[in-house]
Amino acid sequence: LSIGIGIAGTGEVGGEVVRILRQKSGLLMQRCGVELEIVKASYRSRRPPPDLLPDEVITTSLDEVVEDPRAQIVVELLGGIDDAYRVITGALQRGKSVITANKAVLAAHGGLIFARARESGAALGFEAAVAGAIPIISSLRNSFVAETFHRFYGILNGTTNFMLSRMQEGMPYSEALRLAQEKGYAEADPSLDVEGTDAAQKLALLSSLLFNTPIPPNVFTQGITDLTENDIRYASDLGYTVKLIASARRLDEGLELSVRPTLIPSGHELAHIQNEYNALFIKGDNIGQSMFYGLGAGGRPTASMVVSDLVRVARSLEKGTSSFPVFFNSEMIPLVPIEEHRSPFYLRFGVMDQVGILAKISTILAEHGISLSGAWAKTVSNNVISLVVATHQTRSGDVYQAVKKIDASEGLTSGSSPVLPINDLRNGEK
Ligand code: HSE
C-alpha cells in the first residue's frame, strides 16, 4: 500500500518527519505494510537538503501542498495559527486526512476543525500536539474510552521544565531560557512557553477528551516569568520542588483548570521529572491512576508521533474505516473561576530590612482572612530581605487581592511578588 503525503512545514519537527520517513521506510513497511511517499513538502526559510527532498517535491507554496491531488494525507507542522488553520481546513474540505502537531491552532479553532473533519469523514490526528512522545491522545481516544475521569495533573511543557531543572542547579532564568531555545525545545515565540500558554493549550485539548466538553477557552494561566532561582531554593528548604503544573479537576460545580508554577512535595513523582521530559497522571473510575512519562519537546520525539498518526491513518485509508473514533462534543462544562480555587500558598516579598515590615504585611493578609502556617526571612543583601510566607488553605481570589494590595503599598515590596500554590497532589484525591 502506497499513500502520498504532503508536508506543510519542514522545520524543527517537519524536518525530522522527513528524515524518519526516508530512513525508516523499510521498517514501516515491515511493521505496518505501508509505504508513505512524500509527494510535496513546503519550507519557509531553511530548505531541507536535496538528498532528502528533491526539487520536484519541494516548494515554498502552502497551496501546492494542500492542492496536490496525489497528497491523500496533509501534515501540518507550521506552528502558529492563521496559515495552519488555512492548510488544515483546506485539506479537510478536499476530503484529505490531516495530521498536525499544532496545539495552538487546535486550542483556538478546534471546535471548527473537528466539525470540518466530521463533515468530510476525513481523519484528524494530533498525537504530537500534546506532550511530545507520550501517546496520551491515542490512549484517550482508543484505550480509555470506557473511563469517567475526575482528575488530571501533569507537566506539559518541556521548555519550562528544562529551565526549572537548570535553575534548580543555580543557573539564572535568562541563561536557562537561551539554552532551551538552542536545543530546539522552545516555541518560535518562547513567551508561549514561559508564560504557560503552551501548557494551557495542551491542557485545554486534554480536558476536551477527558471530560467530553468542547475545548475550553480561557484556562487560567500563570507562567514562570516571575520566578527566581531563589524561589526554587527557598521552596526546596521547605521540602518542595517548583514545577509548572497543569491541573484539571471535575467538580459538581464545573471544571477547575489551571496552569501555574506550583510547589509540590520533593518526594512526589512529578518532582523528579527533569529536563525536557513531561509526565502526567490521570485518574479514571475503573482504571484508577495511570502515569505517563516521556520526552515532551524536541523535533525527533515529536516527529515520531507524527509518523505514528500517519501510519494509522494510511492503514485506515486502505480499509476505508475511520482511524479515530468520531467524538461528538457535548455541552461546554462551565469553568470554576480561578478566584474560587483553594489551596495553601507560597508567597515571597522582596522587602527593605526595616522594623515593622512583617507586621504590615501580615496585617494586610489577616484583613483578607488569610492565615499563615509559617514565615521566614532570608537575607538577600545588606538591606534587602526575602520574606517567605506559607499560608493555610485559602481562596485564590483572597490571596491575589491581598498580594496586590501589599505590592501597591508604598515602600513595602520591590515589585510584583510571586504567588504560588502549594499542592501535595494527594490530599482529598479519589
Ligand atoms: N515548546 C514546547 C515545549 C514544544 O517546550 O513543550 C512541545 O510542544
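For the chain, what does -39500 (n - 2.57) per DSSP helix run (n ≥ 4), summed and divided by total residues, give at 222 nm, in deg cm²/dmol to the nearest 500?
Value at 222 nm, helices only: -10500 deg cm²/dmol.
Does segment 10-74 classify as rounded, prolate or oblate by the C-alpha gyration tensor (a ≥ b ≥ c root eigenvalues; a/c under 1.5 gives rounded; else a/b over b/c gives prolate, otherwise oblate)?
oblate
Taking every DSSP beta bridge with both residues inside the chain, roughly what % is antiparallel (nearest 5)?
70
Summing +1 for each Lys or Arg and -1 for each Asp or Glu, what net charge is found among the other residues whose Cβ lies under 13 Å from the Cβ of MET291?
+1
Jot down the radius of gyration and Dmax of segment 171-285, Cα atoms only, both in angstrom.
Looking at segment 171-285, its Cα Rg and Dmax stand at 15.1, 44 Å.
Only Cα pairs within less than 10 Å get springs; with that Gaussian network setup on the chain, which residue of ILE58, ILE364, ILE88 has the largest fluctuation?
Comparing ILE58, ILE364, ILE88 in a Gaussian network model of the chain, the most mobile one is ILE364.
With springs only between Cα atoms under 10 Å, which of GLY254, GLY284, GLY356 fluctuates most in a Gaussian network model of the chain?
Evaluated over the chain, the most mobile residue of the options is GLY356.
Alpha carbon centre of segment 99-128 versus segment 324-402: separation in Å?
38
If I build a Gaussian network model for the chain, linking alpha-carbon pairs within less than 10 angstrom, which residue out of ARG348, ARG250, ARG86 has the largest mean-square fluctuation?
ARG86
Based on C-alpha coordinates, I'd like the Rg and Dmax of segment 31-126, in Å.
In order Rg, Dmax, the Cα atoms of segment 31-126 give 13.5, 39 Å.
With N set to the residue count of the chain, report its C-alpha Rg divided by 2.2 N^0.38 Å to two decimal places.
1.07
What does the convex hull of the Cα atoms of segment 67-186 come to per residue, in Å³, rounded to a whole number?
Cα-based convex hull of segment 67-186, divided per residue, equals 143 Å³.
For segment 218-372, what log10 I(q)/I(0) values come out of the Debye formula at q = 0.11, 0.13, 0.18 1/Å, with one point per alpha carbon and no solvent?
Results for segment 218-372 at q = 0.11, 0.13, 0.18 Å⁻¹ read -0.70, -0.92, -1.39.
For GLU229, what is the net charge nearby, where nearby means another residue's Cβ is under 14 Å from its Cβ and Lys, Arg count +1, Asp, Glu -1?
Net local charge, GLU229 excluded: -1.
Values quoted throughout were computed directly from the atomic coordinates according to the rules given, and no laboratory measurement underlies them. Computed from a predicted model, the values in this text were never measured in an experiment. Every residue, glycine among them, receives a Cβ derived from its backbone with ideal geometry; neighbour counts consider all protein chains shown.
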